[in-house]
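Presented below is the structure to which this report refers.
Coordinate-derived values only; no laboratory data. Quantities reported herein were computed from a predicted structural model and do not represent experimental measurements. Here the Cβ is made from the backbone with ideal geometry for all residues, glycine too, and neighbour counts use every protein chain on show.
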Amino acid sequence: MKSNDQIFRFLIDHTPIRGQLISLDASWQKCYQQSDASEYAKELLGHALAAVTLLASTLKIDGSLTLQIRGQGAIHLLVAQATNDRTIRGLVRQSHEIENPDASLQEIFKADKIVITIDNGKGKPHQGIAPLTGFSLSEALEAYFEHSEQLPTRVWLASNESSASGLLLQKLPGELEDKDSWNRLTQLASTITDQELLELDENEILYRLFHEESIALFDAEPVRFQCSCSRNKTSNMIKSLGKSEASDILHEQGKIQISCEFCNANYEFDSVDVKQLFESDMNLPENYTTH
Amino acid sequence: MKIKRTTANKIMGQASSQPDSCLLGILNANEQLIKAHTVEEFKQLLIDHPDSILFFNQDPLAREIKSSIVHVDGQQHIEVFQETKGVFGLRAYLQIGKIQTPVTLELSE
């Protein structure tokens, strides 16, 4: 049976090649349901979430890895983030209909760069920028790996309304005993279909692709959706608006509403809440009473 | 870049109320002004609000905090400038690579 919301690491014996398989289910559903973008855009978001989770777990980071494509096209923003705790969140924004879904990502986003930011929580985050090339996110990421002179890496991604899945192969530093192994294994992995990636469990996928190889499959690690927004954080944002701005919004709208862009959580603050935040007198709307 | 006229007025209002101090923050997707006072606050705002427009004045601290952040390609910026003391204006930029390119700031009603 297919394991969901889990990531599996594996090593191919006698080669310096490692791999990872991921299947997102409930965590993907959270992101999928919160987006009002087209199916195409949501499919890209699924690919991006599977990809960042795979990439984050290949790196020893104590923070987050964020993939971002921003442009002026029909899809103008794609953000996917994974943390070292294997939590994910993401969003996709679409401003108008995609005229040609077969166009390249560069045309669809009207952007020419893909940005990957690694934030270890200390100091300036590391940002890798590569040209946005190809017709799929896997192609764009593979170009990113080539461009940034990192370890040779291949990724295969698939998503639909219920799952987002991915497979990653990476060649670690070291001599290949079998000189052809990287080429052979990536060719074999390239035969996987989206349907297989989305529907088969990890053992079945590895068997179908690499049944002539000896593989060490490690225990699964859970992945979950988690947004870092909170009422407390939102309170601090309102404080940063300043009393005057907060008071103006209360007068205009009766309450202050701030929505999280990632999880759509809606935080509402009425005049009493706002007054407590600032802990001093404000010129509140007359129709509001305080405790 | 297009923002509401009322939002532009709010930014100018903030700028005129603190002409000689750091003004830095974001306009979130609902065009609410959220200010930051430290690098950490600013960094967190940009992470939590990827679809936002960044605004800043010409105060040295605002510039220092802003320059300590790695700006994502396509990030929109609004600069509050003051070429004549007490008279404020807004300029819009789009981040393209390492360069902030001036773009037209349109105001909607």
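Observations
- Residue order, fewest to most surrounding Cβ atoms within 10 angstrom, among A:Leu167, A:Leu49: A:Leu167, A:Leu49
- Calculated mean residue ellipticity, 222 nm, chain A: -10000 deg cm²/dmol, from DSSP H runs (n ≥ 4) at -39500 (n - 2.57) each, averaged per residue and rounded to 500.
- Region A:231-278 shape via C-alpha gyration tensor axes, a/c threshold 1.5: prolate
- Note on chain B: dipole from Cβ charges, positive end direction compared against B:Ile34, B:Gly89, B:Gln76; the farthest Cα belongs to B:Gly89.
- When the charge dipole of the protein assembly as shown is built from unit charges on Cβ atoms (+1 for Lys and Arg, -1 for Asp and Glu) and taken about the Cα centre, the candidate among A:Ala50, A:Leu67, B:Phe55 whose Cα reaches farthest toward its positive end is B:Phe55.
- Under the shape rule built on the C-alpha gyration tensor, where the axes satisfy a ≥ b ≥ c, region A:96-164 is prolate, since a/c reaches at least 1.5 and a/b is greater than b/c.
- Sorting A:Cys229, A:Cys31 by the number of Cβ atoms found within 10 Å of their own Cβ, with the fewest placed first, yields A:Cys229, A:Cys31.
- Selection among A:Gln127, A:Val92, A:Leu167 by position relative to the dipole of the protein assembly as shown gives A:Gln127 as farthest towards the positive end (Cβ unit charges, Cα centre).
- Maximal additional length on extending the A:Gln72-A:Asp219 stretch stands at 48.7 nm, based on 0.36 nm per residue less the C-alpha distance.
- Cβ-placed point charges (K, R +1; D, E -1), dipole of region B:2-103 about Cα centre in debye, nearest 20: 320 debye
- Rough spin-label spacing in nm, given labels placed 7 Å along Cα→Cβ, for A:Leu151 and A:Thr186: 1.4 nm
- If only the Cβ of Lys and Arg carry +1 and only the Cβ of Asp and Glu carry -1, the dipole of the protein assembly as shown around its Cα centre is close to 1240 debye.
- The protein assembly as shown: C-alpha gyration tensor shape, a/c 1.5 cut-off, then a/b vs b/c: prolate
- For the peptide B:29-41, the mean number of other protein chain Cβ atoms found within 10 angstrom of a residue's Cβ is 4.
- Segment A:Lys122-A:Glu212, length gained on full extension (0.36 nm per residue, minus Cα span): 27.9 nm
- Stokes-Einstein D for region A:169-222, Kirkwood Rh over Cα pairs, 37 °C, 0.692 mPa s (µm²/s): 259 µm²/s
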